[in-house]
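Engineer: I have a structure here, written as structure tokens, and I will follow up with some questions on it.
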Amino acid sequence: MKVKSNFMGNDTKINANAIAVVEDNKGKALDEYLKEIVEVSSNDKGNYLKLNNGIMICYGLQQFSVNFKDYWTNMKATDPIQIEYPAEFIEPTYSYLTVGDGDNNWLGVQDNTGGSVSKSQLFRVYRPPVQGDGAGAVSIQYLAIGKWK
């Protein structure tokens, strides 16, 4: 939601406590929701948001230089790779992953191993064999939700 500083067209300012968010048929002022946010930050690994109830959300886009090679009989794949989170969780959590860009690339999570408080589970990027072996670049979008305290 965006609130413009000149929303009414007469230089009238709107405070966060004047905006209500309806949840379960009950209004709650926006500034009450904002008080639940403890920290919002970003770094070269992505963005994160910490809530006062102990939940942390990490999200972003990470780019990888990869090497596609033979994998099984009908696919080319990278070696296992992982997302590095922008902040550490207190216990391992899984990431929700999508390919950010790339020609005919898709993701595969073979099992949920390798994850830690600072990294996602292991995954591979696959592509059709007609695209051949060799180096390439892939961008992976991720979302991870877990505990920070």
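The values are calculated or read from the model by the stated rules, or taken from the named source; none is laboratory data. Here the structure is a predicted model, which is why all the values come from computation and not from measurement. Here the Cβ positions follow ideal geometry from the backbone for every residue, glycine too, while neighbour counts run over all protein chains shown.
Engineer: Within the stretch 1-75, which strands (runs of 3 or more DSSP E) (wholly inside it) include 3 or more residues that are of a type outside the set (Lys, Arg), closer than 30 Å to Gly132 by Cβ and modelled with pLDDT of 70 or more?
Structural biologist: Because the criterion is at least 3 residues that are of a type outside the set (Lys, Arg), closer than 30 Å to Gly132 by Cβ and modelled with pLDDT of 70 or more, the strands (runs of 3 or more DSSP E) in the stretch 1-75 that meet it are 55-71.
Engineer: Report whether or not Asn105 is surrounded by 19 or more Cβ atoms within 10 Å (Cβ to Cβ), at pLDDT below 95, of a type in the set (S, T, N, Q) and more than 30 Å from Lys35 (Cα to Cα).
Structural biologist: Criteria met by Asn105.
Engineer: Is it the case that some residue within the stretch 116-131 is on the phi > 0 side of the Ramachandran plot and exposed (fewer than 14 other Cβ atoms within 10 Å of the Cβ)?
Structural biologist: no
Engineer: Select from the stretch 131-144 the residues that are out of contact with any Cys (no Cβ under 8 Å at 6 or more places or on another chain) and part of a strand (DSSP E or B) and list them in ascending order.
Structural biologist: The answer is Gly134, Ala135, Gly136, Ala137, Val138, Ser139, Ile140, Gln141.
Engineer: Examine the stretch 78-90 for a residue that is modelled with pLDDT under 90, assigned to a strand (DSSP E or B) and closer than 14 Å to Gly136 by Cβ, and state whether such a residue exists.
Structural biologist: Scanning the stretch 78-90, I find no residue that is modelled with pLDDT under 90, assigned to a strand (DSSP E or B) and closer than 14 Å to Gly136 by Cβ, so the answer is no.
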